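Engineer: Sending over a structure as structure tokens; questions will come in a sec.
Every number in this text was worked out from the coordinates using simple rules, so none of it is lab data. This structure is a prediction, so every number in the text was calculated from the model and none was measured. Every residue, glycine as well, gets a Cβ built from its backbone with ideal geometry; the counts of neighbours run over all protein chains shown.
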Amino acid sequence: MNILFDEDQLRRLIANLKILTGVPANILDPEGRDINLFRGHPPFCRMINDLPEGHERCVACDMCKIKHYSAEKGFQFYRCHAGICEAIMPLYDKNQPLAYLAVGCYLDDSPMEEQWEHTRSLLDWWPGGPDSLKEAFFQFRQYSQQEVQAYAETLEALSAYIRLKGMILTTEQTDAQRLELFLDQHYMEKLSLASISKEMHIGRTKLCTLAKELSGGRTLSYLIAQRRINAAKRLLVQSSLPISAVAEQVGINDYNYFSTVFRPMAGTTPARPKHRTKQETVYMLKNPMSAANAGISATPAAENPSRNRAAP
């Protein structure tokens with residue numbers, strides 16, 4: 001499979017992530033090989049990689065973790081051959097990934113001394129003994145489980161942006177990949193099974209089969225609605241548009257239908273958030289059902305559609 005990486009865009013994106021979060025991210029090819037976009041590793045990792053045997057161990061570790069990726073979706077977390085926290089996620093289809101998004105070079109919030117003792121036990125091959133790496137080890141940043149999960153969910157959302165911008169492409173896209181990309185780019189338009197079939201030159205029966213594969217047994221209509229409601233949630237938080245206008249922006253012209261579709265997917269009625277903290281807003285967008293159950297949504301009743309509908 002011939003894979004094309006937009007290295008300039010990817011390198012800029014990864015550098016910005018490092019500046020914002022302090023956590024290094026990287027892109028690996030489908031076999032787990034580093035495509036050499038990132039150079040800002042912490043001192044401990046630089047020392048390991050500067051030694052030929054250490055570099056070989058790092059490469060073998062990456063390839064092994066990709067070979068044994070078993071998560072249903074999203075990131076799979078693990079500790080590398082030297083005991084450092086890392087995670088990988090396939091882009092974009094776990095069955096036929098074009099690449100892997102990798103994050104790592106951090107420690108969790110368990111006691112540093114305990115983590116060092118674990119790492120120390122793995123470094124008996126290090127020339128001169130592992131204690132020469134202790135000072136560099138204690139320069140790693142620690143992150144709580146909540147921080148790591150928030151970062152992982154942000155990167156999962158970012159993978160859709162990578163796809164939309166065409167930063168990683170293949171000249172041999174599968175029909176499933178083509179359908180996902182088409183829906184990402186056209187969900188706000190008037191779509192039907194017939195129109196998509198005509199536009200993509202894929203039979204209707206096959207489209208329905210692909211939709212079931214991509215949605216876990218659901219329909220093409222579900223995939224379209226999912227993208228529309230996700231976009232609507234972002235607009236409700238980020239813009240001052242009336243709710244009826246938000247619905248139209250994402251391709252739904254009927255307010256009542258928009259409300260009917262929104263609630264089961266978002267876990268709440270479509271309403272403008274008020275007096276919500278930034279943390280609560282981010283949590284609600286990422287975990288709509290959990291937020292609703294926990295009472296975090298705390299939004300006022302849905303706005304009256306007649307009051308929000310633009311004047312003719």
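Engineer: Does the stretch 83-118 hold any residues that are farther than 30 Å from ALA160 by Cβ and surrounded by fewer than 20 Cβ atoms within 10 Å (Cβ to Cβ), and which are they?
Structural biologist: Matches in the stretch 83-118: GLY83, SER110, PRO111, MET112, GLU113, GLU114, TRP116, GLU117, HIS118.
Engineer: Any residue in the stretch 108-128 that's within 17 Å of TYR78 (Cα to Cα): show its pairings with residues that are of a type in the set (Val, Ile, Thr) at Cβ separation under 8 Å, as long as the two are six or more apart or on different chains.
Structural biologist: Every condition considered, the pairs that remain are ASP108/VAL148; THR119/ILE84.
Engineer: Follow-up question, since we're still on this one. Which pairs do you get when a residue that is farther than 13 Å from ASP6 by Cβ, found in the stretch 155-174, comes within reach of a residue that is among the β-branched types (Val, Ile, Thr) and buried (at least 17 other Cβ atoms within 10 Å of the Cβ), reach meaning Cβ atoms under 9 angstrom, with the pair 6+ apart or on two chains?
Structural biologist: Filtered contacts from the stretch 155-174: LEU155/VAL103.
Engineer: Okay, next question. Residues of the stretch 209-256 being closer than 21 Å to PHE182 by Cα and among the acidic types (Asp, Glu), which ones?
Structural biologist: Selection gives GLU213, GLU248.
Engineer: Select from the stretch 222-263 the residues that are without any contact (Cβ under 8 Å) to a residue 60 or more places away in the chain, buried (at least 19 other Cβ atoms within 10 Å of the Cβ) and over 23 Å from the mean Cα position of the chain (by Cα) and list them in ascending order.
Structural biologist: Within the stretch 222-263, VAL246, ALA247, ILE252, TYR255, PHE258, VAL261 meet the criteria.
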